[in-house]
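Each remark here refers to the structure printed beneath this line.
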Amino acid sequence: MTAGADFLSAQGTGQTWKEALDSLLPALRGANSDHQLGLIYMTPHYATHSAEIEAALGQATGVPHWVGTVGYGTIGTDAATGDFAENFGTPSLSVMLCPFQNDGFRVFSGLRGESDRISAQYSDWLSSDVPPVVLAHGDPGNGLLGGLMDDIVQETDGFLIGGLSAAQGPGSQIADGPDGQGLSGALLSLAHIPLQTALSQGCSPIGPAHTITNAQDHVILELNGRPALEVFKEDIGEILARDLNRCAGYIFAALPVEGSDLGDYTVRNLVAIDPHQGAVAIAAHLNPGDRVMFCRRDPTTAVSDMRRMLSELKSRTGKQPIRGGVYVSCAARGPNQFSDPSQETQLIAEALGTFPITGFFANGEFCRDRLYAYTGVLTLFL
C-alpha cells in the first residue's frame, strides 16, 4: 500500500447509472497513479450496466483494476455530505479507490467448477510466506460454491471476506471485466496491505448446544437422544411452542464453529417442522454427532454485539489511523432488522470515527473460511 496516499470513496444515487456516477465522481477527483484497485458495489437497478459502469469509472479515474458485485443495497460515503450512508432498495452506486501497489494484490475471476484453481492463475504470487486476505464475491446460484470457497482457502491459506451477490449469472460480478456464476474478487497481500477484520452476529442463542443423535440430510430427528421437536420447544419457550407459526423469521438454527475460542456459530434458516415425526429441518446438511443450537433474531442483542465487535477492532487497531474500510452486511439486517435504516454505519462512526468506506448488503457473508448469515463483517485498512 502506498504510504501517505488516501483512500477515496463516494456513494451516489440516481434513476440511471449515469446520474449516480455523475453525482459521485467529484469526490474521486484526487485519484492518481497510486490508486491501482477500485471497488464497485451497486444495486440491482444498475446490474445490466456493470461493464459500462466499470469502463466509465476507469476512464474518469485512471484506475486500471476493478472488482465488485451487486448488492440488495450499498454502503458508502455520501458524495454530497461526506457522511456514512446506507442505501437499501433505492438505486445506488458505491465506489472506493484503494492506494494498493501492483505487487500487493491480484484480481481473480472465472472460478466456477471443480477443475478451476486459483493457484493455476497466481502460483508464483501465492508462494509468499504471508497468506493473503481474499476479498471474494460469490454467485448464489452456483451449487458448487461451498466447494469453491473451501478450495480457495486451502490453496491460498487465506482469510475470506466479502459475500454473496444479490444477482446471479453473467455480469453480476466485476473482476477486471464482467464476471459471474462463481467466485471472483481480489487477493490482498498482508505483507503490503495491513488490515483488521471482525464479525458481528445478528442472532443470539436461546439455549445450549445440543448433539444431533439422528438426522437425515437436513432433517434433525433426534437431539441428545430425544425427539428434536421436543427439545426445540423447550428452548423456544411455552408461548412460541403453542403456536409454532410465530417462529418464522424469528427463530433460527445455529451451528457452532468447532475449535472456535470465541463461541462462534453460523446461522441457518429453519426450513420445516414436522410434528408427526417430531423433526426439525434446517437449511444445512447434517450428520449424527454434529451440534446445533437454536437462536432468535433480536435487534437489541444485534446492536450490543456490533458494539462489542467495534470495541474489539478499536482495541486491535490501537493508535493506527484507519485509512479505509469495507463493510458487508446481511440483507436481513439494515432496515429489515434495525429501527434506524442507517444504524449500522452510525454505530461504526460513533466507535471509530468516519473514514472512506464502501460495502454492500449481501445474500450471505464471508468470514475466515465460512459462509455466514445475519452477520456484519467489517474490514479496516490501516
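The figures follow:
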| item | result |
| --- | --- |
| Where trypsin sites (Lys or Arg not before Pro) in DSSP loops with at most 14 other Cβ within 10 Å are excluded, longest remaining stretch of the chain | 118-318 |
| In order through region 25-39: 3J(HN,Hα) via Karplus (6.51 cos²θ - 1.76 cosθ + 1.60), integer Hz, x for Gly, Pro | 4, x, 6, 9, 5, x, 4, 8, 5, 5, 8, 9, 9, x, 10 |
| For region 202-217, Karplus couplings with θ = phi - 60° (6.51, -1.76, 1.60), whole Hz, Gly/Pro x | x, 10, 10, x, 10, x, x, 6, 10, 8, 6, 9, 7, 8, 10, 6 |
| Ranking of I161, I193 by count of other Cβ atoms within 10 Å, fewest first | I193, I161 |
| Debye log10 I(q)/I(0) for region 282-323, one point scatterer per Cα, at q = 0.17, 0.20, 0.29, 0.30 Å⁻¹ | -0.71, -0.77, -0.99, -1.02 |
| Correct option for Cα extents along the principal axes in Å [calculated from the coordinates] among [x] 64, 44, 42; [y] 57, 54, 47; [z] 57, 46, 43 | [x] |
| Between region 281-315 and region 117-143, the Cα center-to-center distance that results, in Å | 27 |
| Cα-based Kirkwood hydrodynamic radius, region 255-382, one decimal, Å | 16.5 |
| Per-selection Kirkwood Rh - region 204-297 (Cα, Å, 1 d.p.) | 13.0 |
| Förster radius 22 Å - calculated FRET efficiency between A80 and Q59, Cβ distance, rounded to 0.05 | 0.45 |
| Rg and Dmax [Cα atoms of region 143-223; Å; Rg one decimal, Dmax integer] | 17.9, 50 |
| Computed over the chain: relative contact order in percent, which uses C-alpha pairs under 8 Å that are six or more apart | 20 |
| Extended-chain gain in nm, criterion 0.36 nm per residue less alpha-carbon gap, T16 and S119 | 33.2 nm |
| For N214, distant residues with modelled amide H under 5 Å away | L221, E222 |
| Whole-Hz couplings from phi, Karplus 6.51/-1.76/1.60, listed for region 153-163; x for Gly and Pro | 5, 5, 5, 9, 6, x, 10, 7, 9, x, x |
| Gap separating the Cα centres of region 16-81 and region 356-382, nearest whole Å | 19 |
| For region 1-144, convex hull volume per residue from C-alpha positions, Å³ | 128 |
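Coordinate-derived values only; no laboratory data. Computed from a predicted structure; not experimentally measured. Positions of Cβ are generated from backbone atoms using ideal geometry, with glycine treated the same way; all protein chains shown enter the neighbour counts.
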